[in-house]
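As structure tokens, the structure follows; a few thoughts come after it.
The values are calculated or read from the model by the stated rules, or taken from the named source; none is laboratory data. These numbers were taken from a predicted model, which means no experiment stands behind them. Here the Cβ positions follow ideal geometry from the backbone for every residue, glycine too, while neighbour counts run over all protein chains shown. Accessible surface is based on the protein model in full, side chains and every heavy atom, while ligands, DNA and RNA are left aside. Shrake-Rupley method; radii C 1.70, N 1.55, O 1.52, S 1.80 Å.
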Amino acid sequence: MSHAGELISAYLDGELARHEIDQLQAHLATCGKCAAEMQEMQSVRSAVRSLPLLELPPGLIPEADAEVVPLRRNKGFLVGAAAAAVALIIAIAAIVTPSTPSVTLEELNSRYGARASLDPAFGPAKVVVPDLGDILE
Amino acid sequence: MESVPLTWEEVARVYGRKIYNFAYRLTGNSDDAADLVQEVLLRVRKGLAAYQPGSFEGWLWRITRNAFLDEVRKRNRRPTAPLPDEVDRWDMASSPSADVEYSRISIGDDVQKALLELPYEFREAVVLCDIVGLSYEEIARAVAVPVGTVRSRIHRGRKLLRESLT
């Protein structure tokens, strides 16, 4: 045996036959490199095996009759329901929200100019009030 | 003779958590793991009636593995590419989607991070051995490779893990 190689992991996993175990143990007694690798593999194996066994997310597996409780989330249904809900909200909003009156350029100029004249912080109307014709273009 | 769970509910109760942990350790993502559990149990429910007494573990983990790889294929949408590369593109740090998955790993979970860096075949073998607790023979049946290949993959996987963790 040159080096133990994968026999080391198989040994740690209890996957070697008796005669392979004997060969490996005889080799380890004379090969420091393989003895060190055995230690390292044992540490790695223990590290992976010490990862916590995670609990299933609540409700993932229904306890009730599988014929009654659907196993699989019906994504198509959820998407359809979400789309219907959005459509309903839009429809309600369209009903309860007053329609935006059409505003003429003259009315906008009138409102904008009026605010400018009432609010000192707004500044002089001649400076702040833009040419709405340019904005709306 | 091997004791075989007879109902879907028993399979879910006995193996659901193992399947979840298998998928979580392969992906590092709890949502993906939960989806896989549901997909596997659906396939078990469909296939249980036709199950022939034999290695139930091998049958179940073959279904689990196939469901996992099918999900990988769907995500990559590249069904003609070689499978191992597809898998690695999905969850290794080299792909954009992998970056998202990678970020979900809890900080400090070095072992989980190192697992995700393994090539898929090695990661799968190590997880089936050390997380699920299958024997080499059971892994060989589930993955459809010789026992010698399983032995090699587990050892090489552990050596790569050691390099990542040191």
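The figures follow:
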| quantity | calculated |
| --- | --- |
| Residue ID - surrounded by the most Cβ atoms within 10 Å (Cβ to Cβ), chosen from residues in the range A:16-63 that are more than 14 Å from chain B (Cβ to nearest Cβ) and not in a helix (DSSP H, G or I) | A:31 |
| Residue B:54 being surrounded by fewer than 22 Cβ atoms within 10 Å (Cβ to Cβ), over 25 Å from residue B:117 (Cβ atoms) and away from chain A (no Cβ under 14 Å) | yes |
| Residue that is farthest from residue B:159 (Cα to Cα), among those in the range A:23-55 that are under 35 Å from the mean Cα position of the chain (by Cα) and hydroxyl-bearing (Ser, Thr, Tyr) | A:50 |
| Residue that is most open to solvent (accessible area, probe 1.4 Å), among those in the range B:121-132 that are free of Cβ contacts under 8 Å to residues at least 40 places away in the same chain and more than 9 Å from chain A (Cβ to nearest Cβ) | B:121 |
| Cross-chain or 6+ apart pairs with Cβ under 7 Å, the range B:10-26 first and closer than 13 Å to residue B:124 by Cα and more than 9 Å from chain A (Cβ to nearest Cβ), then among the charged types (D, E, K, R) and assigned to a helix (DSSP H, G or I) | B:23/B:32; B:26/B:123; B:26/B:124 |
| Test for residue B:34: is it within 14 Å of chain A (Cβ to nearest Cβ), at negative phi and out of contact with any Cys (no Cβ under 6 Å at 6 or more places or on another chain) | yes |
| Test: residue in the range B:66-83 that is within 14 Å of another protein chain (Cβ to nearest Cβ), modelled with pLDDT of 90 or more and surrounded by 12 or more Cβ atoms within 10 Å (Cβ to Cβ) | yes |
